[in-house]
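Single-structure report; data block below.
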Amino acid sequence: MTGSGAGSSDRGDGGRQAELAAGLGEVEERIVAACHAAGRSRTDVHLVVVTKTFPATDVRLLAGLGVTDVGESRDQEAAPKAAECADLGLRWHFVGRLQSNKARSVAAYADVVQSVDRPELVPRLSAGAVRAGRRPVVLAQVSLDSEPTRGGVPVEGVMDLCWAIDAAEHLELRGVMAVAPLGADPRPAFERLAAAAERVRGELPHAAWVSAGMSEDLEAAVEAGATHLRVGSAILGSRPRLG
Ligand SMILES: *Cc1c(COP(=O)(O)O)cnc(C)c1O
């Protein structure tokens, strides 16, 4: 990768497409190697390309390169981007902190809401889904550290949250999601997530997705059994820090 950021993405030449193709290729090689090392099939691991802070033109190029799933983390950015790219047939994943007052909006375009981390979001999301005539897939976000700003329900609360999501008629519970703690070995955290996921699956067998792993730690996530990886900067380049 050339390491260029969002600023270079609207040049209008084929350069950006080549950058994205190279980034996708490198990440694909890493996923294949991680699956091989873990004795897992590549087809059991799904890639969600996190496009936050990058323009809709990048999403369009990614779709042209075969990407099927994209992730966004802020409603005010994601809603117009999803509308602009509605013709591409992509699956939109909402992966950011979900404010209660945004739940309805997110339900109108997100095919997968990965970051439901408290029961009070459930009726709001469900109401939004009804209004939009949709039935989004939902994951329960689990906290793997004690940092409240990063979101997630404590591991002890994950089962109750999953029961609440599962009971909502217009939401489809499919599993759990987590972000590894910053600046620490992700492996013990991903093992805690795997244990929580197994407990959830024991009660609710249809909730088998485990979303974990980002640009820095996707190998550890694959090793710990992740079914979905959320990769941004390793494909799109570095982005300005989000507030
Ligand atoms: C931004 C983000 C990602 C992607 O992170 P990278 O380090 O750029 O791969 C994954 N998951 C969540 C929840 C994010 O907010």
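The values are calculated or read from the model by the stated rules, or taken from the named source; none is laboratory data. Everything numeric in this text was worked out from a predicted model, so none of it was measured. Every residue, glycine among them, receives a Cβ derived from its backbone with ideal geometry; neighbour counts consider all protein chains shown. These accessible areas exclude ligands, DNA and RNA; they are computed on the full protein's heavy atoms, side chains included. Shrake-Rupley method; radii C 1.70, N 1.55, O 1.52, S 1.80 Å.
For this structure, a couple of remarks:
- Accessible surface, per residue, of the stretch 116-243 when the full set of protein chains is kept, probe 1.4 Å, Å²: 45 Å²
- For the chain, hydrophobic long helices are taken as DSSP H runs at least 18 Å long by C-alpha position along their axis with mean Kyte-Doolittle hydropathy of -0.5 or more; these are 15-38.
- Estimated D of the stretch 152-230 in µm² per second, where Rh is the Kirkwood radius over Cα pairs and Stokes-Einstein applies at 20 °C, 1.002 mPa s: 168 µm²/s
- Value of relative contact order over the stretch 7-89, rounded to a whole percent, pairs C-alpha under 8 Å and six or more apart: 29 percent
- Normalised by the number of residues in the stretch 99-243, the mean separation of alpha-carbon contacts (under 8 Å, six or more apart) gives a relative contact order of 18 percent.
- GNM top mover of ASP117, ASP44, ASP166 - the chain, alpha-carbon springs below 10 Å: ASP44
- Portion, in percent, of the accessible area of the stretch 42-172 that falls on carbon or sulfur, probe 1.4 Å: 51 percent
- Its relative contact order, with pairs defined as Cα atoms under 8 Å and 6+ residues apart, puts the chain at 21 percent.
- The charge dipole of the stretch 185-243, taken about its Cα centre with unit charges on the Cβ atoms of Lys, Arg (+1), Asp and Glu (-1) only, comes to about 260 debye.
- Once each of the GluC sites (Glu not before Pro) sitting in a DSSP loop with at most 12 other beta-carbon atoms within 10 Å is removed, the chain keeps 1-119 as its longest stretch.
- Extending 7 Å from Cα along the Cβ direction at GLU29 and again at ARG42 yields two label points whose distance is 1.3 nm.
- Model label points for GLU198 and ALA83, set 7 angstrom from Cα along the Cα-to-Cβ axis, are 4.6 nm apart.
- Where only alpha carbons of the chain are counted, the Rg and the Dmax (Å): 17.2, 51
- Residues considered: ALA196, ALA107, ALA167. Largest GNM mean-square fluctuation over the chain, using C-alpha springs under 10 Å, is found at ALA167.
- Rounded to two decimals, the Cα radius of gyration of the stretch 53-146 over 2.2 N^0.38 Å is 1.07.
- For the residues GLY14, GLY175, GLY152, a GNM of the chain with alpha-carbon springs under 10 Å puts the largest fluctuation on GLY14.
- Formal net charge of residues neighbouring VAL231 (Cβ-Cβ distance under 13 Å; K, R +1; D, E -1): -3
- Charge dipole (debye, nearest 20) of the chain; +1 at Cβ of Lys and Arg, -1 at Cβ of Asp and Glu: 540 debye
- In the chain, the calculated helix contribution to ellipticity at 222 nm averages -12000 deg cm²/dmol per residue, counting -39,500 (n - 2.57) for every DSSP H run with n ≥ 4.
- Modelled FRET efficiency - R0 22 Å, VAL130 with HIS206, Cβ distances, 0.05 increments: 0.60
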